[in-house]
Amino acid sequence: MIKAKPLSYALGAELTSIDMREALGEQDIQLIQETWHDQHVIVLRNQDANPEDILRFARSFGSLDNHEATPFYRMEGYPHLMEITTQPFNGRPSETRNVGRNWHSDYSYTGRPAAASVLYCVKPAPIGGDTMFCNMVRAYETLTDKMRRIVDDLYSVYDISLTKGFYERDASEVAETKRLNPPIAHPSVRVHPGSGKKALYVSERVSHFHGMTSEESRPIIDFLCSHATKHENVYRHQWRAGDLVCWDNRTTMHVALTDFDQSEVRHMLRATIIGEESGFLVG
Ligand code: OGA
Ligand code: MN
């Protein structure tokens, strides 16, 4: 019997009695989904999963992205897995060593932002290297009525080049990644298709609001990001080998902390569940 234990005040639940090496039953999938809708982040500990297990688990919750928006970071032989590592992979230095260094929601710079992400820890950093998550439903609900009415009407323009450390990656890959992902506007407030909850959809990768200048937009973006990431709205995950963390990208943001020795191994595998088509290119 699967049990859910809350992990923080604002979001996150640990689920026990799941073994990723086995296929999930219908009832289990439903229970996991309900917890997911309520808590936005779910954590499984002490797993002993291989790439096939991660893919099978993730596919229980939707179709997987083959990561064409960032094609250089796929695991050899497994296009549906992204390898996030400090170590060389596919025979060259890692381009994913600095993934996720500012608050964001996955694939928000594409026309099919990720519904959810499933991140498996093969090897954690020896110390540090945690990931933080914040609850964007709560962020929306704790705005005043007036501010909610303002953000209800906004469109966030997402720009992949605002990914922290983006220009430290290989120059030709940076150019190609930018070509594949031109700036795109999404509603700044989205309704979750499964739970019907409204969530704020802004991040540190938003350059401006569509129809507004960056000078006008900047103070509002900064306010919304600091409002959303207040301590009481955050769960901080300290990784152990065999952890699986699944987050809903429509109701959370996350950030990968840099507080570890990046010459040491930190190795993760990510599957990405495709979301609904959304947004329009802003040119
Ligand atoms: C990601 C990401 C966080 C981490 O996989 O989308 O942002 O802690 N990674 O590696
Ligand atoms: Mn991410």
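Please compute the modelled spin-label separation between Phe223 and Phe166, points set 7 Å along Cα→Cβ, answer in nm with one decimal.
2.6 nm
Can you list, largest first and rounded to whole Å, the semi-axes you get for the range 46-106 by taking the square root of 5 times each eigenvalue of its Cα gyration tensor?
Working through the eigenvalues yields semi-axes of 20, 15, 13 Å.
May I ask you to compute the full-extension gain from Ile29 to Gln238, defined as 0.36 nm times their residue separation minus their alpha-carbon distance, rounded to one decimal in nm?
72.7 nm
Just tell me which aspartates and glutamates come within less than 15 Å, Cα to Cα, of Lys123; anything on the same chain fewer than 8 places away is out.
Asp48, Glu83, Asp243, Asp261, Glu264
Can you give me the three principal axis dimensions of the chain from its C-alpha atoms, in Å, biggest first?
49, 45, 33
Glu216 versus Gln87, label points 7 Å from Cα toward the beta carbon: distance in nm?
5.1 nm
Sorted from largest down, give the three principal axis spans of the alpha carbons of the range 79-226, whole angstrom values.
53, 30, 27
Computed FRET efficiency, Cβ-Cβ of Arg179 and Lys3, R0 45 Å: what is it to the nearest 0.05?
0.45
Tally Lys/Arg at +1 and Asp/Glu at -1 over every other residue whose Cβ is under 15 Å from the Cβ of Val41; what's the total?
0
Between His231 and Glu76, how high is the FRET efficiency from 1/(1 + (r/R0)^6) when r is the Cβ-Cβ distance and R₀ = 45 Å? Nearest 0.05.
Given R0 = 45 Å and the Cβ-Cβ separation, E is 0.70.
Under the rule of -39500 (n - 2.57) per DSSP H run of 4 or more residues, summed and divided by the residues of the chain, what mean residue ellipticity at 222 nm is obtained, to the nearest 500 deg cm²/dmol?
Computed mean residue ellipticity for the chain: -6500 deg cm²/dmol.
With each pseudo-label sitting 7 Å past Cα toward Cβ, what's the Asn66-Val191 distance in nm, one decimal?
According to this spin-label approximation, the distance is 3.3 nm.
Cα to Cα, under 21 Å, and not fewer than 8 places away if on the same chain: which lysines meet these conditions relative to Lys3?
Cα-Cα hits under 21 Å: none found.
Where a number appears in this text, it was derived from the coordinates with a stated rule and is not lab data. Quantities reported herein were computed from a predicted structural model and do not represent experimental measurements. In this analysis, Cβ positions are derived from the backbone assuming ideal geometry, glycine residues included, and neighbour counts consider all displayed protein chains.
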